[in-house]
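Each value in this text was obtained by applying a stated rule to the coordinates, not by laboratory testing. Predicted, not measured: the structure shown is a model, and the values here were computed from it. Backbone-built Cβ (ideal geometry, glycine too); neighbour counts: all protein chains shown.
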Amino acid sequence: MRAWVLNETNGPESFTLQDVPTPDPGIGEVRVKLEVSALNHLDLWVSRGMPAPHEFPHIAGADGTGVVEAIGVDVASVALGDAVTINPSVSCGKCSVCLTGDTPYCKSYGILGEHSNGTLAEYAVVPARNVVPRPEGITAVEAGSYGLAYGTAMRMLRRSNLRAGDVLLVVGVGGGVSSAAQLIGQAMGADVYVTSRSPDKIAAALEMGASGGFDSSGEFAKDLKTTIGRAADVVIENVGPATWGQSIRSLQSGGRLAICGSTSGPKVELSVPYLFFKQLEIIGSTMFDHSEFERVTRLIDGGAVPVVVDSVYPFEDLPDAIARLDSGLQRGKVAIQHG
Ligand SMILES: [Zn+2]
């Protein structure tokens, strides 16, 4: 099969289109003939060796949709010809945490395209439990694009105990996870505000239903309180030190801050008395489990949450798609059309 592989990790220019053996599904696995995949920043990081693939050649790509085209033994949940969307959250499926469902705590946990070969290829082999029926009400491009970002946002909002009527502040809107958090938060009945350094990204968020937006590099905690007369119940973060102080101050007493990344650096300062007097909760979150993926798939299928796609590139033009993602100019997902 043809695949965009990494034989080295010298950055995005390391992606090379070449022929590799088509993988066969093992026990409990299925082979999906991909119709659409989508890029995440994870693919850029993997191409830079952060983290380095376990072996070369490596196929990146977490998201995708296609048709089940081969089935391994012990697979009853999926049939040949099923149109499916791939859940990139891969775990052993057998340990005690997997059996209780909270798979991101599995010791063998991994992300498709990071820890195992992913979707930037003609075919991908995944565990059968990692495919769900493709939502019928959306396009293949949308179905192949939402997986990692929307699943991650879903888990953050669930773990933050977001409730209808809550004020949700999404810091650094415009990235895949943060934009998804805005849209899912709105579908869950929250009153959603956003921050960005880009007036265009704030304008786009307002178009998509946000109640207001503030400059990420300003005093957005004060801006929020001045605008609505109160602070946020939940803050969604993936920026880290550049916005941390403002994000914490944006919380009202009993507020929850969920963080899934730290793009501006690894360390933050925290006033411990402020933390306990305000009875704040700080929630680290990564990826998602099967129930969270299914929940966000239902929200998308029912039309409650749109999948925002920035652009679609032919499979052969992956370098152009990567450049689009790396530019930071995109609004929504960068998708790849296979075949
Ligand atoms: Zn496990």
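Side notes on the structure shown:
- If you sort the three axes of the alpha carbon gyration tensor as a ≥ b ≥ c, you get a/c of 1.5 or more for region 102-167 and a/b no higher than b/c, which makes it oblate.
- DSSP beta bridge pairing in the chain, given as percent antiparallel to the nearest 5: 55
- Residues in region 183-199 that a label on Ala304 would reach, taking backbone N under 13 Å of a point 7 Å out along Cα→Cβ: 183-190
- Take the Cα of Ile228, go 7 Å toward its beta carbon, and the backbone nitrogen atoms of region 134-173 under 14 Å from that spot belong to 162-171.
- Candidate lysines - alpha carbon under 28 Å from Lys94, same-chain residues fewer than 8 apart omitted: Lys33, Lys107
- Within region 252-307, the GluC sites (Glu not before Pro) that combine a DSSP coil assignment with at most 10 other C-beta atoms in a 10 angstrom radius are Glu269.
- Amide N proximity, region 269-307 versus Glu219 label position 7 Å along Cα-to-Cβ, cut-off under 19 Å: 271, 274
- Of the trypsin sites (Lys or Arg not before Pro) found in region 88-162, the ones in coil according to DSSP and having at most 11 other Cβ atoms within 10 Å of their Cβ are Lys94, Lys107.
- Mean residue ellipticity at 222 nm, helices only, the chain: -7500 deg cm²/dmol; runs of at least 4 DSSP H residues each add -39,500 (n - 2.57), and the sum is divided by the number of residues.
- Cross-link check: pairs Lys201/Lys222; Lys222/Lys333; Lys225/Lys278 evaluated at a Cα-Cα cut-off of 22 Å; pairs beyond the cut-off: Lys222/Lys333.
- Ordered by the number of other Cβ atoms lying within 10 Å of each residue's own Cβ, fewest first, Cys106, Cys92 fall into the sequence Cys92, Cys106.
- Counting neighbouring Cβ atoms within 10 Å and putting the fewest first, the residues His58, His115 line up as His115, His58.
- Contour excess over end-to-end distance, with Cα ends at Glu8 and Asp102 and 0.36 nm allotted per residue: 30.5 nm
- With both labels modelled 7 Å from their Cα along Cα-to-Cβ, the Thr286 to Thr16 distance reads 3.0 nm.
- Highest GNM mean-square fluctuation among Gly213, Gly61, Gly302, for the chain modelled with Cα contacts below 10 Å: Gly302.
- Using a cutoff of 8 angstrom between alpha carbon atoms and counting only pairs six or more residues apart, the relative contact order for the chain works out to 18 percent.
- The label-point distance for Leu80 and Lys267, in a model that sets each label 7 Å from Cα toward Cβ, rounds to 5.9 nm.
- Exposure proxy order (Cβ contacts within 10 Å, fewest to most) of Asp301, Asp289, Asp43, Asp24: Asp24, Asp301, Asp289, Asp43
- Sparse-neighbourhood loop sites, trypsin sites (Lys or Arg not before Pro) in region 258-333 - DSSP loop, at most 12 other Cβ within 10 angstrom: Lys267
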